[in-house]
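Have a look at the structure below, then the notes.
Just so it is clear, none of the values below were taken in a lab; they were calculated from the coordinates. Keep in mind that what you see is a predicted model, and the values were worked out from it rather than measured. Cβ coordinates were reconstructed from backbone atoms using ideal geometry, including for glycine residues, and neighbour counts include every protein chain displayed.
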Amino acid sequence: MRIGHNGAGSAVLCRSFDRIAPLTEISRIPLQPLPEGSLTKLWLGIGAAVLLAAGIAWAAAPSISALAGGVTVETIEAGEGASPTANDFALVSYRGTLPDGTVFDEGEQVPMAVDQVVPGFSTALQEMQPGGRYRVQIPAEQAYGAEGGGPIPPDTDLTFEVELLEFRTRDEVMQMQQQMLQQQMMQQQMMQGQGGMPPGAMPQGALPPGTMPGVDPGQAPQLP
């Protein structure tokens, strides 16, 4: 039954009351006393239902962590495992928005050094776990401050949606870079070997000491 504010609801309410039986008729219905112990069971059942509802509401409520500098991290989907430190490299997918919802930056599977991003983003990364998705609120003081930067106006709070894919220590990243460099050098050497020697070129060490390519050993080289 709805109660409106234009008078229509009042008419519905009145008609509903018209259908209620007179008090004398209601009083004729005998009231059956509750069996002994039923009242206690009734209250226990009500209490259990209240606790269950409260537990469901608590589980559904988002988990928000308040960090240093006013940064907040809301867990959208929890991850697993350890969190990166300031000395690690993180692989993330992210989207950054201004207070009006304008997207100013986004990226997929972007590697970044945790200690080489804006302070608020660095603080938030160190609270995340691999596989998790988060919503990060960064005050202007922990972002680009009074100067702003690019599409970000001065004194602007920022919001990021971040997914931490994985992270590696600095030593692991250095080892990976060295391995990639070695592989590139090996590929270049293989390509040079497959290409052969240029026309007229001689292998290194094929000439006797003191001689020059294309010059008779018995003649002096002609200077320009």
What are the ³J(HN,Hα) values, in whole Hz, obtained from phi via the Karplus relation 6.51 cos²θ - 1.76 cosθ + 1.60 with θ = phi - 60°, for each residue of the range 113-121 in sequence order, with x given for Gly and Pro? 6, 4, 8, 10, 10, 4, x, x, 5
Whole percent per 5 Å bin, from 0 to the bin with the longest distance: what is P(r) over all C-alpha pairs of the range 65-170? 3, 14, 25, 27, 20, 9, 3, 0
From the backbone phi of the range 159-175, what are the Karplus-calculated ³J(HN,Hα) couplings (6.51 cos²θ - 1.76 cosθ + 1.60, θ = phi - 60°) in whole Hz, Gly and Pro given as x? 10, 10, 9, 10, 10, 8, 7, 6, 8, 9, 6, 4, 5, 5, 5, 4, 5
So, with +1 on the Cβ of K and R and -1 on the Cβ of D and E, and no other charges, what is the size of the charge dipole of the range 101-192 about its Cα centre, to the nearest 20 debye? 340
Charge tally for neighbours of Gly145 with beta carbon under 15 Å away, counting Lys, Arg as +1 and Asp, Glu as -1, is -4
